[in-house]
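The values are calculated or read from the model by the stated rules, or taken from the named source; none is laboratory data. Given the structure is predicted, the values throughout are model-derived calculations rather than measurements. Here Cβ is always computed from backbone atoms with ideal geometry, including for glycine, and neighbour counts include all displayed protein chains.
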Amino acid sequence: MPPSSAKKRALVTGGSGAIGAAICHALAREGMHVLVHSHRRPEVAAAVVAELVAAGGSGEVICFDVTDGAAVQAQLTAQVEAQGPIQVVINNAGTHADAPLAGMRPEQWQQVIDTSLNGFFNVTQPLLLPMIRTRWGRIVSLSSVAAVLGNRGQANYAAAKAGLHGASKSLAIELASRGITVNVVAPGVIRSPMTEQLFTPDLIQQLVPMKRAGEPEEVADLVAFLCSERAAYLSGQVISINGAMA
């Protein structure tokens, strides 16, 4: 469904995943037209869009590889020229390639850095000048408790996500006078098909002081708040949501 002229447009990378889909729903409820991104699962993104529309919202599917800077820039530039600025950017796409650093292959390191950190640049940078001209915007990047505490076997993932912290704090300063906020949300153990395989109930009891996994909707509610008018003076922050793990 196309956006109305009054709707702000939001791009959610990794919008077909558990947290990404919850964020798409939360932003649609805030009245935004949501571009649900996927790289390899357009059919899942289309299902998310169908849910948004069924609930009275609007959205569309957008597909690209966040690691391909030239292709991302071309597609997002064409999107902005055709439909107008994207004023809300949620950098949620990420990947894992876990291994102890002593045994980590160079491609494992590069793959994770390319997706989470270089992907942030590839997606966000082409959208900045059009956003700046509107003098309003919200940029939220999804990090991880691993970037705060570190995690065995995830030096690449922790490095990529921690890089988002410094980049976002710097970008927040650059954009502060333009009505644009930039923040990071760092979740802990959040319920999803992947975490259910990695974290047994006993392990969650050991790791999480609140003794449960978080829900995707809890992360999405925080992201939606950061994208609202109510959070206009909140920028340059890394906000953890992890059941008191850190």
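The rows are residues; the columns are (1) among the β-branched types (Val, Ile, Thr); (2) within 27 Å of Gln110 (Cβ to Cβ).
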| position | (1), (2) |
| --- | --- |
| Ser177 | no, no |
| Val184 | yes, yes |
| Pro187 | no, yes |
| Thr200 | yes, no |
| Arg212 | no, no |
| Pro216 | no, no |
| Glu229 | no, no |
| Gly243 | no, no |
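Identify the residue in region 5-22 that is aliphatic (A, V, I, L, M) and farther than 14 Å from Ala55 by Cα and, among all such residues, is surrounded by the fewest Cβ atoms within 10 Å (Cβ to Cβ).
Per the criteria, the residue is Ala6.
Report whether or not Gly14 is of a type outside the set (A, V, I, L, M, F, W, C), under 12 Å from the mean Cα position of the chain (by Cα) and assigned to a helix (DSSP H, G or I). Outline the logic, then answer.
On the way: of a type outside the set (A, V, I, L, M, F, W, C): yes; under 12 Å from the mean Cα position of the chain (by Cα): yes; assigned to a helix (DSSP H, G or I): no.
For Gly14, the condition - of a type outside the set (A, V, I, L, M, F, W, C), under 12 Å from the mean Cα position of the chain (by Cα) and assigned to a helix (DSSP H, G or I) - is not met.
Would you point out the residue of region 65-75, among those that are surrounded by fewer than 19 Cβ atoms within 10 Å (Cβ to Cβ) and of a type outside the set (A, V, I, L, M), that is farthest from Gln110 (Cα to Cα)?
Applying the filter and picking the extreme gives Gln75.
Going through region 73-114 one residue at a time, which ones are within 30 Å of Ala232 (Cβ to Cβ) and hydroxyl-bearing (Ser, Thr, Tyr)?
Listed by number, the list holds a single entry, Thr77.
Tell me, which residue of region 180-200 that is over 30 Å from Arg230 (Cα atoms) and β-branched (Val, Ile, Thr) is surrounded by the fewest Cβ atoms within 10 Å (Cβ to Cβ)?
The extreme case among them is Thr200.
Only one residue in Ala158, Ala213 is in contact with a Gly (Cβ under 9 Å, 6 or more places away or on another chain) and free of Cβ contacts under 8 Å to residues at least 24 places away in the same chain, so which one is that?
Ala158
Name every residue in region 28-64 that is within 30 Å of Gln108 (Cβ to Cβ) and without any contact (Cβ under 8 Å) to a residue 40 or more places away in the chain, in order of residue number.
Val36, Ser38, Arg40, Arg41, Pro42, Glu43, Val44, Ala45, Val48, Val61, Cys63, Phe64 - these are the residues of region 28-64 that are within 30 Å of Gln108 (Cβ to Cβ) and without any contact (Cβ under 8 Å) to a residue 40 or more places away in the chain.
Of these, Ala220, Ala224, which one is at pLDDT 95 or above and in contact with a Lys or Arg (Cβ under 8 Å, 6 or more places away or on another chain)?
On the way: Ala220 fails: in contact with a Lys or Arg (Cβ under 8 Å, 6 or more places away or on another chain).
Result: Ala224 is the single residue among Ala220, Ala224 that is at pLDDT 95 or above and in contact with a Lys or Arg (Cβ under 8 Å, 6 or more places away or on another chain).
Would region 219-236 turn up any residue that is farther than 30 Å from Ile132 by Cβ and in contact with an Asp or Glu (Cβ under 8 Å, 6 or more places away or on another chain)?
No, region 219-236 has no match at all.
Restricting attention to region 188-212, report how many residues are on the phi < 0 side of the Ramachandran plot, among the charged types (D, E, K, R) and either in a loop (DSSP other than H, G, I, E, B) or in contact with a helix residue (DSSP H, G or I) (Cβ under 7 Å, 6 or more places away or on another chain) (or both).
Number of matching residues: 2.
Filter region 172-186 for residues that are in a strand (DSSP E or B) and hydrophobic (A, V, I, L, M, F, W, C); which is nearest to Val145 (Cα to Cα)?
Ala186
Give the residue that is surrounded by the most Cβ atoms within 10 Å (Cβ to Cβ), with candidates limited to residues of region 26-64 that are part of a strand (DSSP E or B) and of a type outside the set (A, V, I, L, M, F, W, C). Before you say what the answer is, go through the steps one by one.
Initially, region 26-64 is screened for residues part of a strand (DSSP E or B), giving 33-38, 58-63.
Then drop every residue that is not of a type outside the set (A, V, I, L, M, F, W, C), which leaves 33, 37-38, 58-60.
Details: His33: 23, His37: 24, Ser38: 23, Ser58: 18, Gly59: 29, Glu60: 19.
Result: Gly59.
Considering only region 213-246, how many residues are assigned to a helix (DSSP H, G or I) and closer than 24 Å to Glu196 by Cβ? Before the answer, list the steps.
Let us first name the residues in region 213-246 that are assigned to a helix (DSSP H, G or I), namely 216-226, 229-231.
Adding the requirement that they be closer than 24 Å to Glu196 by Cβ leaves 216-223.
Residues in region 213-246 being assigned to a helix (DSSP H, G or I) and closer than 24 Å to Glu196 by Cβ: 8 in total.
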